[in-house]
1. Sort 166, 102 so the one with the fewest other Cβ atoms within 10 Å of its own Cβ comes first.
2. What percent antiparallel are the DSSP beta bridges of the chain, to the nearest 5?
3. In Å, what is the Rg of the alpha-carbon atoms in the chain, and how long is Dmax?
4. Using amide H atoms built in the peptide plane, which far-off residues or other-chain residues are under 5 Å from residue 132 H to H?
5. So what are the ³J(HN,Hα) numbers for the range 14-28, from phi and the Karplus equation (6.51, -1.76, 1.60; θ = phi - 60°), rounded to whole Hz, Gly and Pro as x?
6. Report, in debye and to the nearest 20, how large the dipole of the range 112-206 comes out about its Cα centre when Lys and Arg carry +1 and Asp and Glu carry -1 on their Cβ.
7. Which order do 132, 59, 210, 126 fall in if you start with the one that has the fewest other Cβ atoms within 10 Å?
8. Would you compute the Debye intensity of the range 101-197 from its alpha-carbon atoms alone, equal scatterers and no solvent, and pass along log10 I(q)/I(0) at q = 0.16, 0.18, 0.22 Å⁻¹ to two decimals?
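What follows is calculated from the coordinates using simple rules that are stated; it is not laboratory data. Here the structure is a predicted model, which is why all the values come from computation and not from measurement. Glycine also receives a Cβ, built like all others from the backbone with ideal geometry; neighbour counts cover every protein chain displayed.
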Amino acid sequence: MEPSTTQTQRWTVGDVTITSVVEDQTDGVPPELFFPDATADSVKRHAWLVPDYADDRGHVSLRVQALVIEDGDRRILVDPCVGNGKIRDLPWWNQQSWPFMERLLDAGFKPGSIDQVLHTHLHADHLGWDTHLEDGVWVPTFVNARHLYTGAGLDHSRRESTLAAEGGQDIYADSVAPIVEAGLADVVAEDAQLGGRLRLEPTGGHSPGHVSLWIESDGETALITGDVIHPPSRRPTGTRRGGLAVRSGSGMKSNP
């Protein structure tokens, strides 16, 4: 599976195509900013990390991305990023204005062409574009899509919503409840067979109800891990402590 050299990255897994749509990327990030036990020197000791995962200074890139899976005639959007105009605790995600929808269109995907939206989990950087503001109200973006959640993930998001401060971050209220109220939500098992060449696997730990997505086609396999696996720029150091989740959604830039 080789990434294309075009601005929109695509990979093939047998007959399945994976497209990365980037919401935001910050380059030149010192690794110790997010991983206290990691240093630029420890990253530089592993030459294979450059240039795909780090620069020659040992700094890494922080990327927020969604993935579009094309399996036959079906299009599945996985972990649709942070979104615009959302009140978020992290300042670099708070009430942002990114050209994500323009990039989705440039990649060849109209919002109405998405058949399913899959969430590996319900953190702020994995569901934001499910809704957008219209006349001051959060409304669904992908109106023809079924939105897939695990029961444990939904329950946890609802509980967090009851604890949200007035006027503060409330992920359930702005990004989940409008989907449920519109009748676009489906609760699936954490080991659900999604049809075609796709199946879920429970990968709890990072958050309740976290799942990963297996793609298996014509003898080739890929795994979309959500935030359950740390980036290559961190793994060689052997460190375990840190404050940043990785892979689809927000994570260090990496090629599947």
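1. On the way: 166 5, 102 9.
Ordered from fewest to most neighbouring Cβ atoms within 10 Å, 166, 102 come out as 166, 102.
2. Details: 40 of 51 bridges.
Close to 80 percent.
3. 17.7, 52
4. Under 5 Å from the amide H of residue 132 lie the amide H atoms of 139, 141, each far enough along the sequence or on another chain.
5. Using θ = phi - 60°, the values come out as x, 8, 9, 10, 10, 10, 8, 10, 8, 8, 7, 9, 10, 9, x Hz.
6. Rounded to the nearest 20 debye, it is 320 debye.
7. Details: 132 20, 59 17, 210 26, 126 30.
The order, fewest Cβ neighbours first, is 59, 132, 210, 126.
8. Per q value, in the given order, log10 I(q)/I(0) is -0.71, -0.88, -1.24.
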